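The values are calculated or read from the model by the stated rules, or taken from the named source; none is laboratory data. Just so you know, these numbers come straight off a predicted model, no measurement behind them. With ideal geometry, Cβ positions are generated from the backbone for all residues, glycine too; neighbour counts draw on all protein chains shown. We work out accessible area using only protein heavy atoms, side chains counted, and drop any ligands, DNA or RNA first. Shrake-Rupley method; radii C 1.70, N 1.55, O 1.52, S 1.80 Å.
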Amino acid sequence: MGKIHHYIGALTGALFLSACIPATTAPAPRAPSVAHNAPASDFERGSLGEVVGGDARPTWTLQPVAANARDIAASTYIVRPGDTLRAIGAMTGAGSEAIAMENDLAPPYTLRPGQQLRIPAGRYHRVAAGETGIGIAHAYGVDWGEVVTINALADPYILRVGQRLRLPASARPLTPEQVDVAARAAAFRLDIDDIMTGSQPALAARTRPAAFSGRFQWPLQGKLIARFGPLAPGKVNDGINIAAARGTPIHAAAAGVVAYAGDQIAVYGGLILIDHGGGWMSAYGHAAKINVQRGQAVKAGEVIGLAGATGQVQSPQLHFQLRKNRIPVDPMKQLPPR
């Protein structure tokens, strides 16, 4: 799972490159840019690092999470006629996914009377309606990616009401009186994988994109200031950075559905994620203005925002990523020749 904390190191390299290579005004994109300029009232008057537009609140903050985790001791369960894995999970307090992993069970999880199942010890949270994976992880101060791993969660990562999630050993259901909420929020870090896998409310229906066309186009034209891959020892860029004049329209690289539009990942500032289907996702960072909202269908080439210098960059630019099944791929190998 490609983690964005690698990109924090990449940002340092990108900033160094930006200092050595002056950002140049990007040539006009294929679509006319003047018609898409934001009015001065909501864009030009803002500061360079300010983000305008996008979702007012991220999905994972809409439903508060009740920290109801229970510690379950290891035990053995003898399967009875009519038992199902989910029913056994409910009876024992352990998650059915964790039980399946512990006993090397595979779908459709056929059980036989008299079969002995090992019930794994652990701390389990029972999912309530509307809760999201990110929200649950935040409530216990743990990494959502680790929750995905220890529960072997699979695409589309939508939780179900009543599901019991096994939590990392470090999970602590602290009350507001026991923890500095501001400090907890400051310490909580998200990356693109977290949003892709943990931002959907439990049992929520999600608009799915049509089949991917298999073709991408440039989100904007400009000077390449950071390439994909290693920038320096220990520093990796999961995408490319393109210099762009502030206010340059950002175009959707392909048709799809907006999976995220906001500024909750500080390193990127204004960030848009588009699900293109077929396991493909594109990301657009450092936007100063976001023109779309989560769940909105967009066409290839449609203006989704305006470039800026939000997040941890010093000059206007676009950070652009392409991911296949959550793995970052080099956009230069997927985009048309410049």
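This table checks each residue for (1) assigned to a loop (DSSP other than H, G, I, E, B); (2) over 29 Å from the mean Cα position of the chain (by Cα); (3) of a type outside the set (D, E).
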position: T76; (1), (2), (3): no, yes, yes
position: R80; (1), (2), (3): yes, yes, yes
position: D83; (1), (2), (3): yes, yes, no
position: R86; (1), (2), (3): no, no, yes
position: M91; (1), (2), (3): no, yes, yes
position: M101; (1), (2), (3): no, no, yes
position: A106; (1), (2), (3): yes, no, yes
position: T110; (1), (2), (3): yes, yes, yes
position: G114; (1), (2), (3): yes, yes, yes
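So that you can scan it fast, the table gives a plain yes or no per residue for (1) over 16 Å from I78 (Cβ atoms); (2) in contact with a strand residue (DSSP E or B) (Cβ under 7 Å, 6 or more places away or on another chain); (3) open to solvent by less than 10 Å² (accessible area, probe 1.4 Å); (4) among the β-branched types (V, I, T):
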residue: E97; (1), (2), (3), (4): yes, no, no, no
residue: L105; (1), (2), (3), (4): no, no, no, no
residue: Q115; (1), (2), (3), (4): no, no, no, no
residue: V127; (1), (2), (3), (4): yes, yes, yes, yes
residue: E131; (1), (2), (3), (4): yes, no, yes, no
residue: G141; (1), (2), (3), (4): yes, no, no, no
Sort out which residues of region 291-338 are of a type outside the set (S, T, N, Q) and in contact with a Leu (Cβ under 7 Å, 6 or more places away or on another chain), and write them in order of number.
A307, G308, A309, V313, L318, V329, P331
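If you check G229, G222, G239, which single one turns out to be surrounded by 21 or more Cβ atoms within 10 Å (Cβ to Cβ), within 25 Å of P336 (Cα to Cα), more than 19 Å from the chain's Cα centre (by Cα) and in contact (Cβ under 8 Å) with a residue 40 or more places away in the chain? Give the derivation first.
Working: G229 fails: surrounded by 21 or more Cβ atoms within 10 Å (Cβ to Cβ); G239 fails: more than 19 Å from the chain's Cα centre (by Cα).
The match here is G222.
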What are the pairs with Cβ atoms under 8 angstrom where one residue, in region 84-105, is in contact (Cβ under 8 Å) with a residue 24 or more places away in the chain and the other, located anywhere, is buried (at least 20 other Cβ atoms within 10 Å of the Cβ) and of a type in the set (F, W, Y)? Sequence gap at least six, or different chains.
G93/Y124; A94/Y124; G95/Y124; A98/Y124
Count of region 295-338 residues which are part of a loop (DSSP other than H, G, I, E, B), buried (at least 20 other Cβ atoms within 10 Å of the Cβ) and either on the phi > 0 side of the Ramachandran plot or in contact with a His (Cβ under 6 Å, 6 or more places away or on another chain) (or both)
3
Can you work out which of the residues in region 55-83 that are free of Cβ contacts under 8 Å to residues at least 60 places away in the same chain and aliphatic (A, V, I, L, M) is surrounded by the most Cβ atoms within 10 Å (Cβ to Cβ)?
I72
Just for region 255-276: of the residues that are assigned to a loop (DSSP other than H, G, I, E, B) and touching a Pro at 6+ places or on another chain (Cβ under 9 Å), which one is nearest to F212 (Cα to Cα)?
A255
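With the requirement that a residue be within 20 Å of D193 (Cα to Cα) and out of contact with any helix residue (DSSP H, G or I) (no Cβ under 6 Å at 6 or more places or on another chain), what does region 297-319 give you? Show your work before the answer.
Restricting attention to region 297-319, the residues satisfying the condition of being within 20 Å of D193 (Cα to Cα) are 311-312, 318-319.
Across region 297-319, the qualifying residues are G311, L318, H319.
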Can you find a residue in region 282-292 that is open to solvent by 10 Å² or more (accessible area, probe 1.4 Å) and either on the phi > 0 side of the Ramachandran plot or modelled with pLDDT of 95 or more (or both)?
yes
